[in-house]
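Before any comments, here is the structure.
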Amino acid sequence: MKPQILIVDDEPYARQTIEMLLLKESYELFFAEDAHEALAQLDDEVPDVILSDVMMPNMDGFELCQRIKRNPKWSHVPIILVTALDSKQDLARGLEAGADDFLHKPINGLELRARVRSMLRIKLRHDELQAALQMRQDLANMIVHDIRSPLSTILIYCDLLEAELGGNVQTLETIRGEANRLSSFLTDMLMMAKMEHGRLMLSQSPVDVNELATAVRDSYQPMARLKEIDLALDLPDETKKISLDANLWRRVLDNLVSNAVKFSPTGGNIVLRVRYDGAGVSSSNGRSPHLSLQVIDEGPGISPEHYETIFDKFKIVATGRRDVKQVGLGLAFCKMVVEAHNGRISVNANKPRGSIFTVEL
């Protein structure tokens, strides 16, 4: 496929000159008489390089450049500004507008062809990188989907073995619990992939948060008992229904409670606390949240310098134990879900030991 070049100039002679200078190159040339026509053409076809005059009526080349670079669909297209201006102020203005290169009038054919080829190489590298990233994302999604199939089989056979073994099923419960945790991690990965590509659609409905917290506590109670951890609820007497995506919020609480159980010492205590309208909970940002959820543990705690980075994807933060490290994927997922609901998630120290994860809406 021939590289496509869009030439924007209000002077017919200037457009013809550039066309003649590029005639021997294997390019497909398009022309626009002003900036507005150029923007209209970009809606239909995105070129590989744009050559734009600076001095044009109604909208000059600087403003055209700014508009193109502000649009995510076009911002990757290299722009060469063609100008008779040569002052440092004009060049600085062009760079601030987002220009990738400059060509001074009168145009030299050798220089024109060299600069266009240079921009085409940049565009080609960008396209190759985007294709590689998309291929990697597609491969990761495929692997995640493929892993879910054997996990489902493991869980099915756990149910069959439970019926055969009868009473002593503690080991089986451990297998089932770990398989469910791995399945939940895969769910998080799929959710995050959808959120990063703007495909997350919240399915909100009135949710009884007390019931949701109780269900999460009951789900992790067997795992807590194995480590002799007291997993307690601290709920208000009166519940309120909050508009949430119930499935996503179940995953948020699963992640927070799962981490608390994982990193808490044997014989420790974990509290899952719910408050409405800020009653009994001090907000970290100075306001009273409509809903506050807290997971309080007695684990190794988190250094203050990592209070923000633990919510960043793929960042690994040592938890203070040599044999355990925490990958930030699950917490990054929590942050994305909370912020999608216009909320905030934070972490603080639990004195004398441990962490307090707080979600505020």
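The values are calculated or read from the model by the stated rules, or taken from the named source; none is laboratory data. What you see is a predicted model, and the numbers here were worked out from it, not measured in a lab. Don't worry about glycine lacking a Cβ; one is built from the backbone with ideal geometry, like all the others, and counts go over all protein chains shown. These accessible areas exclude ligands, DNA and RNA; they are computed on the full protein's heavy atoms, side chains included. Shrake-Rupley method; radii C 1.70, N 1.55, O 1.52, S 1.80 Å.
Scanning the range 1-48 for residues that are part of a strand (DSSP E or B) and either touching a residue at least 40 places away in the same chain (Cβ under 8 Å) or within 13 Å of W74 (Cβ to Cβ) (or both) yields Q4, I5, L6, I7, V8. Number of residues in the range 223-247 that are modelled with pLDDT of 85 or more and under 20 Å from I296 (Cα atoms): the value is 13.
Within the range 106-138, the set of residues being of a type outside the set (G, A, S), touching a residue at least 60 places away in the same chain (Cβ under 8 Å) and either open to solvent by less than 50 Å² (accessible area, probe 1.4 Å) or touching a strand residue (DSSP E or B) at 6+ places or on another chain (Cβ under 7 Å) (or both) comprises I107, L112, V116, M119, L120, K123.
Can we say T171 is among the polar types (S, T, N, Q), more than 23 Å from W249 (Cα to Cα), modelled with pLDDT under 70 and surrounded by 10 or more Cβ atoms within 10 Å (Cβ to Cβ)? Judged against the criteria, T171 is a match.
State whether one or more residues within the range 316-336 are open to solvent by 50 Å² or more (accessible area, probe 1.4 Å), at pLDDT 80 or above and touching an Asp or Glu at 6+ places or on another chain (Cβ under 7 Å). No, the conditions are met nowhere in the range 316-336. Taken over the range 33-49, residues that are under 11 Å from I5 (Cα atoms) and crowded, with 18+ Cβ neighbours inside 10 Å amount to 3.
Being among the aliphatic types (A, V, I, L, M), open to solvent by less than 10 Å² (accessible area, probe 1.4 Å) and touching a Lys or Arg at 6+ places or on another chain (Cβ under 8 Å) is a condition met by at least one residue of the range 84-99.
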